Amino acid sequence: MAVSKTFSGAAVREAHAAGQRAFGENYVQEALAKMAALADLRASIEWHLIGPLQSNKTREVAAAFDWVHTIDRPKIAERLSAQRPPGLPPLQVCIQVNVSGETSKGGVEPAALATLARQVAALPGLTLRGLMSIPEPTSDPVAQRAPHRELARMLRGLVAEGLAVDTLSMGMSADLEAAIAEGATMVRVGTAIFGARG
């Protein structure tokens, strides 16, 4: 997935022309403006929300996005479920897990994951696809792999409980090789595609 936050609609259009289809945005208002500017491409773009989601933004997100990667509590999932317009396919969602235990990061605590996953999977208008994480950054390739390995283990645990999940949204430009080695099905790449942010 190409992380297009802070990059212009023109940059997204250029990446789309080169064959990229999935784009990740962190900020709802910025994303909505970009979507409006790229409305002619809507049928062939998949929009992913990969930033924190506040309750007061769920209606806009439920109507405009294809994926949400950052569900970390029942209230957000319930609002997205209730607010997903009936004419649209189910919103594809991932649960964000705080694998590194950082207080500055969003995400459900690992011990609470199974309960939240069952709650989300039962909601209409949503399809629980898997898990997402943003581990603590490190330049050590061995240390990079450990949190990704842990997230993959958690996904297998949900599968063992009977949940039909298949997505590991993990890894960014700096650690995508480690994430892929541990089973990532979706990596979030910004600078390696668009260049450095200003």
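Each value in this text was obtained by applying a stated rule to the coordinates, not by laboratory testing. Since the structure is predicted, the reported quantities are computational estimates derived from the model, not experimental observations. No Cβ is skipped: glycine too gets one built from the backbone with ideal geometry, and neighbour counts run over all protein chains shown.
The lysines whose alpha-carbon is closer than 19 Å to the alpha-carbon of LYS34, local same-chain residues fewer than 8 away aside, are LYS5, LYS57. Once the Cα-Cα distance is subtracted from the 0.36 nm per residue extended length, the ARG149 to GLU78 segment shows a gain of 22.6 nm. Taking a span of 24 Å or more along the helix axis (Cα atoms) and a mean Kyte-Doolittle hydropathy of at least -0.5 as the rule, the DSSP H helices of the chain that qualify are 141-160. Ellipticity at 222 nm from helices only: DSSP H runs of n ≥ 4 in the chain, each -39500 (n - 2.57), divided by the residue count, give -11000 deg cm²/dmol. Between ALA17 and THR191, the simple spin-label model (points 7 angstrom out along Cα→Cβ) gives 2.6 nm.
If you run the Gaussian network model on the chain, springs between alpha carbon atoms under 10 Å, then out of LEU88, LEU163, LEU126 the most flexible one is LEU88. Working ranking of peptides 38-47, 9-18, 130-139 by packing, defined as the average number of other Cβ atoms within 10 Å per residue, highest first, is 130-139, 9-18, 38-47.
Shown in residue order for the stretch 39-47 are the 3J(HN,Hα) couplings computed by the Karplus curve 6.51 cos²θ - 1.76 cosθ + 1.60 at θ = phi - 60°: 4, 5, 9, 3, 5, 10, 10, 10, 9 Hz (x for Gly and Pro).
Taking the Cα centre of the chain as origin and assigning +1 to Lys and Arg Cβ atoms and -1 to Asp and Glu Cβ atoms, the resulting dipole is close to 420 debye. For the stretch 167-184, putting each phi into the Karplus relation 6.51 cos²θ - 1.76 cosθ + 1.60 with θ = phi - 60° gives couplings of 10, 10, 8, 7, x, 10, 3, 7, 9, 5, 5, 5, 5, 5, 4, 9, x, 4 Hz, in residue order, rounded to whole numbers and with x for Gly and Pro. Tell me the Kirkwood hydrodynamic radius of the stretch 14-128 in angstroms, computed as one over the mean inverse distance between distinct C-alpha pairs. Here the Kirkwood hydrodynamic radius works out to 14.7 Å. The distance linking the stretch 62-81 with the stretch 166-188 is 22 Å (Cα centroid to Cα centroid, whole angstrom).
As a ratio to 2.2 N^0.38 Å, the alpha-carbon radius of gyration for the chain is 0.98.
Each other residue within a Cβ distance under 10 Å of HIS48 adds +1 if Lys or Arg and -1 if Asp or Glu, for a net charge of -2. Candidate cross-link partners of LYS105 among the aspartates and glutamates, defined by an alpha-carbon separation under 13 Å and a same-chain spacing of 8 or more, comprise ASP72, GLU136. Each label was represented as a point 7 Å from its Cα along the Cα-to-Cβ direction; for ASP140 and ALA114 these points are 3.0 nm apart.
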